[in-house]
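The values are calculated or read from the model by the stated rules, or taken from the named source; none is laboratory data. The structure presented is a predicted model; accordingly, all values stated were derived computationally and were not measured. Glycine gets a Cβ as well: all are built from the backbone with ideal geometry, and neighbour counts include every protein chain shown. Surface accessibility is based on the protein's heavy atoms, side chains included, excluding ligands, DNA and RNA. Shrake-Rupley method; radii C 1.70, N 1.55, O 1.52, S 1.80 Å.
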Amino acid sequence: GINAEYGKQWYQRRVRGAQRTRASVTTLWNCSSNILAVIYEGQDQCHVMLYSCSNYCWQLKQHYTYETGNITFLWDHEDEHRFHIAVDSRYICYQLTSKIITCSSTTTLVIDDKKVNTTPMSTMCIPPPMSYSQLVTNSTCNTIGCHGDDAWLLCSDRKICRFNNVSHSPPGEILPDESYTLEREFPLDSYTCIRHLVMVTQSKAYCVALVNDVDALLTLELSDKEVFVVSCMTLEDTAVNMIQHPQSGTIVVQLYSGELFELHDGMLEPWGSVNMRECVRFSEMEVAVFEEEMVVIGRTSFNHLYMDTRLWNYDCTSISLHKTHLLLTSHSHTLMCVALNQPAHVARTTEGVVDTGIRSLERGSRLVLSDPTSSRVILQMPRGNLELIHPRPLLLTYLAQLIDTFQYRKVFESVRKHRVNMNFILDYHPEQFLTKLPDILSQLTSQYMELFIAELSSEDTTLTMYSFMGTQSTAPTDKVNTVCKALIDSVADNVIPWLNTLISCYVKIEDVSTGLSKLKSLYSTYPTETEAAIKYMLILTDDDTLFNHALGTHDLDLVLLVAQHTQKDLKSTCYS
């Protein structure tokens with residue numbers, strides 16, 4: 001009614017020139033009124049264009065061209081993402097799917113007519129329809145395939161545009177590095193049904209297309225400005241999913257019956273040891289590795305989550321695969337983090353998700369991507385805005401990787417930023433921390449060590465609050481004294497830059513008198529730094545305690561120095 005009339009008026013304003021050539025333009029809404037189909041019927045060609053609205057902005061998502069003057073188009077009355085086309089006595093049923101396409105796992109690609117909006121989410125968080133840069137083509141982009149940092153854009157004019165280094169593109173419009181034309185022998189009707197484009201190398205890819213009214217798995221290669229079909233393997237049923245594991249390169253294909261196959265050397269082999277009769281058809285699919293065991297993670301249209309053929313969750317709304325965790329959101333508005341460094345049979349149970357791996361979210365949140373090089377997770381809210389979070393399991397795993405690679409500067413910065421207990425820096429790998437303490441100090445400043453010492457305690461955080469992380473070596477028995485004495489020895493040759501760290505150590509081990517004596521010995525050479533250190537010591541301990549320790553040294557000069565800053569009356573103290 002109102003939506004259809006509005007859509008018709010809206011699009012007719014854009015095709016006035018076409019109407020003057022007596023072309024027929026028809027607009028049809030799907031059953032949910034969220035996708036608009038525009039059918040343009042000319043004398044020699046028919047065009048079907050599908051528009052959808054995102055953040056109050058209409059975008060052209062698909063453009064199909066048929067070499068005929070008349071077609072019949074009909075939306076399905078039950079499934080909002082399905083439509084039917086009859087063309088030249090042939091019937092084709094299209095099933096649309098919504099998928100988040102990423103390049104290098106961090107750069108999002110969003111189709112918008114002749115442009116593909118790209119945003120490197122590892123450095124910025126720009127919600128659609130805005131973007132950092134645009135990949136520009138001569139016609140509408142229908143399908144995207146990515147391999148590493150390169151992307152193939154399959155356009156409606158029978159061309160494939162290749163873009164290199166997409167994640168490092170400058171802002172603004174980017175033209176393709178190379179354009180390739182599909183070979184003439186390739187059937188046009190099959191071209192309109194090309195989908196599931198998976199790049200293997202910069203010049204080779206797999207895809208699924210309709211060949212002689214039957215789905216076929218094609219191997220495409222780029223050469224001499226043309227796209228050649230190297231092989232064509234007919235499938236037993238319609239292919240509904242094809243996904244590639246980012247690290248191993250394993251490609252998994254799922255047919256309409258739910259059967260899973262692994263693409264190996266151009267041939268389809270049954271997936272693992274799963275029972276094909278128990279397979280379920282997925283609307284969203286990922287491939288995860290649990291302790292060297294490869295598992296297919298699939299979500300159905302009813303929001304059921306499966307691991308291979310076993311039902312694992314009843315209310316999963318979105319999934320995202322991180323390098324170390326599987327992330328999923330639920331109808332209970334929570335984010336769950338499942339570690340991949342555990343056996344698959346443990347991950348399938350409730351023991352596979354620790355308490356710290358469950359986090360509350362805003363109602364209706366959906367996962368966009370998770371950065372495999374850090375702990376960043378991007379979520380999209382129902383109103384369209386994006387939010388960046390750092391789930392605790394991913395953050396601690398990222399910190400552990402930084403500690404293993406000896407990047408303590410980044411560790412201290414992340415711990416301070418995300419308010420993680422600083423004892424974790426020591427507890428995760430105490431042996432490395434104590435043996436290589438001088439090298440660690442070379443990466444830091446005194447300010448970081450002061451915060452570390454202030455939070456230092458005898459508690460082993462890898463056994464309490466972060467018990468799911470484990471440890472690389474055994475912590476020392478008397479942790480506080482051992483660490484403080486090691487720090488005192490490490491800064492002994494260069495005291496002044498680490499003077500506050502030295503004072504913090506003495507206060508922490510309750511040896512204030514020795515700390516005051518050290519300041520007394522430095523006062524004649526560095527009077528300004530010494531007085532600043534005494535003021536800092538007053539922050540760590542109260543006036544009476546510091547003054548009493550100064551009196552206990554029986555050093556009148558030291559007592560006078562402390563009395564100046566503690567505002568103590570030396571006469572009244574002596575007489576009392």
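Taking region 281-293 only, how many residues are modelled with pLDDT of 90 or more and open to solvent by 40 Å² or more (accessible area, probe 1.4 Å)? Here the count works out to 5. Here Met242 fits the description: touching a His at 6+ places or on another chain (Cβ under 6 Å), surrounded by 13 or more Cβ atoms within 10 Å (Cβ to Cβ) and within 26 Å of Leu340 (Cβ to Cβ). Checking each residue in region 245-295 for being within 19 Å of Ala347 (Cβ to Cβ), among the β-branched types (Val, Ile, Thr) and assigned to a strand (DSSP E or B) picks out Val252, Val287, Val289, Val295.
Name the one entry in Val211, Val166, Val198 that is among the aliphatic types (A, V, I, L, M) and touching an Asp or Glu at 6+ places or on another chain (Cβ under 7 Å).
Numbers: Val211 fails: touching an Asp or Glu at 6+ places or on another chain (Cβ under 7 Å); Val198 fails: touching an Asp or Glu at 6+ places or on another chain (Cβ under 7 Å).
Of the residues listed, the single one that is among the aliphatic types (A, V, I, L, M) and touching an Asp or Glu at 6+ places or on another chain (Cβ under 7 Å) is Val166.
Checking every residue in region 480-490 against the condition of being open to solvent by 70 Å² or more (accessible area, probe 1.4 Å) and touching a residue at least 12 places away in the same chain (Cβ under 8 Å) gives at least one match.
Which of the residues spanning region 95-123 are hydrophobic (A, V, I, L, M, F, W, C) and over 15 Å from Ser54 (Cα atoms)? Break it down into steps so the answer makes sense when it comes.
Let us first name the residues in region 95-123 that are hydrophobic (A, V, I, L, M, F, W, C), namely 96, 100-101, 103, 109-111, 116, 121.
Across region 95-123, the qualifying residues are Leu96, Ile101, Cys103, Met121.
Annotation: Ala550 fulfils all but one of (1) modelled with pLDDT of 85 or more; (2) open to solvent by less than 70 Å² (accessible area, probe 1.4 Å); the unmet one is (1).
Please verify whether Glu510 is of a type outside the set (Gly, Ala, Ser) and over 44 Å from the mean Cα position of the chain (by Cα), treating the condition exactly as stated. If you could, list the steps in order and put the result at the bottom.
On the way: of a type outside the set (Gly, Ala, Ser): yes; over 44 Å from the mean Cα position of the chain (by Cα): yes.
So Glu510 fits the description; yes.
Scan region 296-329 for residues that are among the β-branched types (Val, Ile, Thr) and assigned to a strand (DSSP E or B) and the total you get is 5. Among residues of region 451-463 being surrounded by fewer than 18 Cβ atoms within 10 Å (Cβ to Cβ) and either in contact with a His (Cβ under 6 Å, 6 or more places away or on another chain) or charged (D, E, K, R) (or both), the one that is modelled with the highest pLDDT is Glu455.
For region 365-385: of the residues being charged (D, E, K, R) and within 8 Å of the chain's Cα centre (by Cα), which is least open to solvent (accessible area, probe 1.4 Å)? Among those residues, the one meeting the criterion is Asp371.
Of all residues in region 386-429, those satisfying the criterion of being closer than 30 Å to Met130 by Cβ and open to solvent by less than 10 Å² (accessible area, probe 1.4 Å) are Pro391, Leu394, Leu395. In this structure, Lys410 qualifies as over 30 Å from Tyr56 (Cβ atoms), modelled with pLDDT of 95 or more and among the basic types (Lys, Arg).
Anything in region 430-440 that is of a type in the set (A, V, I, L, M) and either open to solvent by 80 Å² or more (accessible area, probe 1.4 Å) or within 32 Å of the chain's Cα centre (by Cα) (or both)? List them, or say none. Answer for region 430-440, where residues must be of a type in the set (A, V, I, L, M) and either open to solvent by 80 Å² or more (accessible area, probe 1.4 Å) or within 32 Å of the chain's Cα centre (by Cα) (or both): just Ile440. Listed by first and then second residue, the pairs linking a residue in region 394-406 that is touching a residue at least 12 places away in the same chain (Cβ under 8 Å) and farther than 15 Å from Ser467 by Cβ to a residue that is part of a helix (DSSP H, G or I) and open to solvent by 50 Å² or more (accessible area, probe 1.4 Å), with Cβ atoms under 7 Å apart and 6 or more places separating them unless they lie on different chains, are Leu402/Lys410. So for region 162-172 (the condition being part of a strand (DSSP E or B), more than 26 Å from the chain's Cα centre (by Cα) and either at pLDDT 90 or above or surrounded by 19 or more Cβ atoms within 10 Å (Cβ to Cβ) (or both)), does at least one residue qualify? No, every residue in region 162-172 fails to be part of a strand (DSSP E or B), more than 26 Å from the chain's Cα centre (by Cα) and either at pLDDT 90 or above or surrounded by 19 or more Cβ atoms within 10 Å (Cβ to Cβ) (or both). Restricting region 344-364 to residues that are assigned to a helix (DSSP H, G or I) and modelled with pLDDT of 70 or more, the residue that is surrounded by the fewest Cβ atoms within 10 Å (Cβ to Cβ) is His345. Inspect region 507-515 for any residue being out of contact with any strand residue (DSSP E or B) (no Cβ under 7 Å at 6 or more places or on another chain), open to solvent by less than 70 Å² (accessible area, probe 1.4 Å), closer than 25 Å to Glu459 by Cβ and modelled with pLDDT under 85 and give the result as yes or no. Yes, the conditions are met somewhere in region 507-515. Buried (at least 17 other Cβ atoms within 10 Å of the Cβ), touching a helix residue (DSSP H, G or I) at 6+ places or on another chain (Cβ under 9 Å), modelled with pLDDT under 75 and not in a helix (DSSP H, G or I): does that describe Ala475? When the stated conditions are applied, Ala475 passes them.
Please list, ordered by residue number, the helices (runs of 4 or more DSSP H) wholly in region 393-472 having 3 or more residues that are on the phi > 0 side of the Ramachandran plot. Write out each step before concluding.
Values: elements: 408-418, 423-427, 430-435, 437-441, 446-455.
Correct list: empty, since no element meets the threshold.
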